[in-house]
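Read through the structure below, which is laid out as structure tokens, and then see the notes.
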Amino acid sequence: MIQTATLGGGCFWCVEAALKQLDGVVSAVSGYCGGHLDDPDYRTVCAGESGHAEVVRFEFDPARLDYRTLLLAFFAIHDPTTLNRQGHDVGSQYRSAIFTHDEEQARVARDLVAELNREGAWPDPIVTEIRPAPRFWPAEDYHQDYFAHNPQQGYCQAVVAPKVAKLRQRFRDRLK
């Protein structure tokens, strides 16, 4: 049975491009989640006016990719210790967030964060927001598969490509 995961780790172009390479990810849709305005658009979200985070909603097959492994890959491609920031992308729209779809996902996410903090995976504590998934709003069409359609674009070369490469190296045995 296919499951859903909604993750925000900075710019959605990065999260989508990296994690959709994992075997078991069936689909990935960039969008917005967690804000206070109905029907947000990119301009409003980027301006920090809506409260939404840039996220990606993944459909995945848990027989091929368990939720914990998906979260481990998610944590591997972004810095979950910086509040409202990923690199040069600053604002609450770039926050690290796990929007859970059931209590089991919430438990797995909380347990994994506690484990990573105990292990000292990062020098600072993880600040990833974990909360039930509110309504998801798909982003505009031109954001979907952005890296695949724009690999030579400057941001893609400087920011997205290194995250894709990092995932490919660290999870090479889990790729499609």
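Values quoted throughout were computed directly from the atomic coordinates according to the rules given, and no laboratory measurement underlies them. If you're wondering where the values come from, they're calculated on a predicted model, not measured in any experiment. Every residue, glycine among them, receives a Cβ derived from its backbone with ideal geometry; neighbour counts consider all protein chains shown.
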Calculate, for Asp66 and Arg135, the FRET efficiency according to 1/(1 + (r/R0)^6) with r their C-beta to C-beta distance and R0 30 Å; round to the nearest 0.05.
0.70
Overall form of the chain per C-alpha gyration tensor (a/c, 1.5; a/b vs b/c)
rounded
Sequence gap at least 6, Cα distance under 8 Å: using those rules, report the relative contact order of the chain to the nearest whole percent.
32
For Tyr142 paired with Tyr42, estimate the spin-label separation in nm (one decimal), with each label point 7 Å from Cα along the Cα-to-Cβ line.
0.5
How long is the gain from Trp122 to Glu104 if the chain were fully straight, where each residue apart is worth 0.36 nm and the alpha carbon distance is subtracted?
4.0 nm
Check: the chain dipole with +1 on Lys, Arg Cβ and -1 on Asp, Glu Cβ, in debye
560
Which of Ala63, Ala73, Ala47 ends up with the largest GNM mean-square fluctuation for the chain, with Cα atoms connected below 10 Å?
Ala63
Once you place label points 7 Å from the Cα toward the Cβ at Arg168 and Ser27, how far apart are they in nm?
2.6
Separation of the Glu115 and Asn84 label points, Cα + 7 Å toward Cβ, nm
3.1
Using alpha carbon centroids, what distance separates the range 112-176 and the range 48-111, in Å?
8
Asserting the computed 222 nm helical MRE of the chain (DSSP H runs at least 4 long, -39500 (n - 2.57) per run, divided by residue count, to nearest 500) equals -8500 deg cm²/dmol
Once you have a ≥ b ≥ c as the square roots of the Cα gyration tensor eigenvalues for the range 18-68, tell me rounded if a/c is under 1.5, and otherwise prolate or oblate according to whether a/b is larger than b/c.
prolate
Starting from the range 41-127, pick out the GluC sites (Glu not before Pro) whose DSSP state is loop and whose Cβ has at most 16 other Cβ atoms within 10 Å.
Glu49
Gyration tensor (alpha-carbon) shape descriptor, the range 74-119, a/c threshold 1.5
oblate
